[in-house]
Amino acid sequence: MARMIQFWPMSRGQPTAPQRPPEANRRQSTANARGVRDARDVRAARDAAAAGPARVDELRREIRHHDYLYYVRDAPEVSDEQYDRLFRELVALEEGSPELRTPDSPTQRVAGQPLASFPTVEHAAPMLSLDSDQDPAALRRFDERLRRALAEHRPGEAVAYVLEPKLDGASLELIYEDGVLTRASTRGDGRRGEGVTQNVRTIPAVPLRLREGQRAVPAFVAVRGEVIMRAEGFDKLNESLLAAGKEPFASPRNAAAGALRQLDPQITAARPLDLYAYDILSWGEQAPAVASQWEVLAALADRRALLVLDNCEHLLDECAAFVQAVLAARRVTCAPCTGRCCGS
């Protein structure tokens, strides 16, 4: 099950990323040692160049695997030094053969010049808003309406609910075509949003290419998720802003939304952002591969790259109790949340 982890964004293998603070660089070697390693990496890359595309593909698969373990599972298998060696070899091979460089390569997370403005894009499907109510009686009335409608149109079908905590962040649409991230956009008015693809590519928790799971990677899929900033990362960001004499952010939600709308992706890359996926908006021209919200969450988790909340419940009549349990279990390390109840 996926869980949120804290990390210094873009610090593994990203040549444009900000350096980790001294206390986070326990594995850092001396400058001379790094020079020796760099020389070895150059020789290794030169020797591997003869392998051409095969070696590049192998390195990308290995780096994506380690990114997944590091950023999503919080269970790295290799040291930072071993990871950096793989990354530098890939960089050297792509620089030596630019025709092998692809947009979904791990080396291309932070790329491009600052934009003059964000383009307006139309969503693959409407990104609808959610009703909010804290009255248990309103929930019971909703349940009654739902049961009456099902009894009329689908007699005999049981009623079940998927309950998920609602994270307080910025809603986002991710478009994957043949498994490759091709577009990311903010919610906007629900039908059109701002294209923020370059910025979203800098978030390590967002895969540039979906991993194969039990299900085949679809030809097209539009995923909805929430970009958030954990309270601990938010506090550190505000401390750095105050130290620089700048105005701090009012809330983690504002900080996350503001980071997404930076015209310079380098600024976004320096912010501690994460994304949780919770809905599939569209399968394109394909028939939906899922029949309920519970199956949607299972399909997203099966991608084994997208973060999915691990404290969702599949319940029949315990909705109100679940909401109260979520509120009681909130921790200061999480952004504020409330219960979201979705008919399945």
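Within segment 212-221, which residues are open to solvent by less than 40 Å² (accessible area, probe 1.4 Å) and over 16 Å from residue 183 (Cα atoms)? If you could, list the steps in order and put the result at the bottom.
Our first condition is that a residue be open to solvent by less than 40 Å² (accessible area, probe 1.4 Å); within segment 212-221, this holds for 213, 217-218, 221.
Correct list: 213, 217.
All of (1) part of a helix (DSSP H, G or I); (2) in contact with a helix residue (DSSP H, G or I) (Cβ under 7 Å, 6 or more places away or on another chain) hold for residue 99 with one exception: (2).
Please verify whether residue 290 is in contact with an Asp or Glu (Cβ under 8 Å, 6 or more places away or on another chain) and either open to solvent by less than 40 Å² (accessible area, probe 1.4 Å) or under 15 Å from residue 164 (Cα atoms) (or both), treating the condition exactly as stated. Lay out the reasoning, then the answer.
Values: in contact with an Asp or Glu (Cβ under 8 Å, 6 or more places away or on another chain): no; either open to solvent by less than 40 Å² (accessible area, probe 1.4 Å) or under 15 Å from residue 164 (Cα atoms) (or both): yes.
For residue 290, the condition - in contact with an Asp or Glu (Cβ under 8 Å, 6 or more places away or on another chain) and either open to solvent by less than 40 Å² (accessible area, probe 1.4 Å) or under 15 Å from residue 164 (Cα atoms) (or both) - is not met.
Total residues in segment 264-281 satisfying the condition of being open to solvent by less than 20 Å² (accessible area, probe 1.4 Å), within 27 Å of residue 218 (Cα to Cα) and of a type outside the set (A, V, I, L, M, F, W, C): the figure is 2.
Among the residues of segment 234-250, not a single one is within 19 Å of residue 188 (Cβ to Cβ) and within 19 Å of the chain's Cα centre (by Cα).
Looking at residue 157, is it in contact with a helix residue (DSSP H, G or I) (Cβ under 8 Å, 6 or more places away or on another chain), acidic (Asp, Glu) and either open to solvent by 10 Å² or more (accessible area, probe 1.4 Å) or assigned to a strand (DSSP E or B) (or both)?
Numbers: in contact with a helix residue (DSSP H, G or I) (Cβ under 8 Å, 6 or more places away or on another chain): yes; acidic (Asp, Glu): yes; either open to solvent by 10 Å² or more (accessible area, probe 1.4 Å) or assigned to a strand (DSSP E or B) (or both): yes.
Against the criterion (in contact with a helix residue (DSSP H, G or I) (Cβ under 8 Å, 6 or more places away or on another chain), acidic (Asp, Glu) and either open to solvent by 10 Å² or more (accessible area, probe 1.4 Å) or assigned to a strand (DSSP E or B) (or both)), residue 157 qualifies.
Tell me, please, whether a residue that is at pLDDT 70 or above and in a loop (DSSP other than H, G, I, E, B) can be found in segment 332-344.
The initial filter retains those residues of segment 332-344 that are at pLDDT 70 or above, namely none.
Checking segment 332-344: not a single residue is at pLDDT 70 or above and in a loop (DSSP other than H, G, I, E, B).
Restricting attention to segment 235-263, which residues are under 19 Å from residue 200 (Cα atoms) and either touching a residue at least 40 places away in the same chain (Cβ under 8 Å) or aliphatic (A, V, I, L, M) (or both)? Within segment 235-263, 237, 252, 253, 255, 256, 257, 259, 260, 261, 262, 263 meet the criteria. For residue 129, state whether it is in contact (Cβ under 8 Å) with a residue 24 or more places away in the chain, part of a loop (DSSP other than H, G, I, E, B) and more than 22 Å from the chain's Cα centre (by Cα). No: the conditions fail for residue 129.
Listed here are the residues, each with its yes/no results for (1) open to solvent by 20 Å² or more (accessible area, probe 1.4 Å); (2) of a type in the set (Asp, Glu).
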site	(1), (2)
162	no, no
177	yes, yes
198	yes, no
210	no, no
232	yes, yes
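Looking only at residues of segment 79-99 that are farther than 19 Å from residue 53 by Cβ and polar (S, T, N, Q), we find that the one that is surrounded by the most Cβ atoms within 10 Å (Cβ to Cβ) is 82. Considering 150, 90, the condition of being among the aliphatic types (A, V, I, L, M) and within 17 Å of residue 56 (Cβ to Cβ) is satisfied by 90 alone.
Answer with yes or no whether residue 261 is of a type in the set (D, E, K, R), open to solvent by 50 Å² or more (accessible area, probe 1.4 Å) and under 25 Å from residue 108 (Cβ atoms). Criteria met by residue 261.
The values are calculated or read from the model by the stated rules, or taken from the named source; none is laboratory data. Everything numeric here is computed off the predicted structure, so don't read it as measured data. Heads up, the Cβs are rebuilt from the backbone with ideal geometry, glycines too, and the neighbour counts pull from every protein chain shown. Side chains are part of the model used for accessible areas, which takes the heavy atoms of the whole protein and leaves out ligands, DNA and RNA. Shrake-Rupley method; radii C 1.70, N 1.55, O 1.52, S 1.80 Å.
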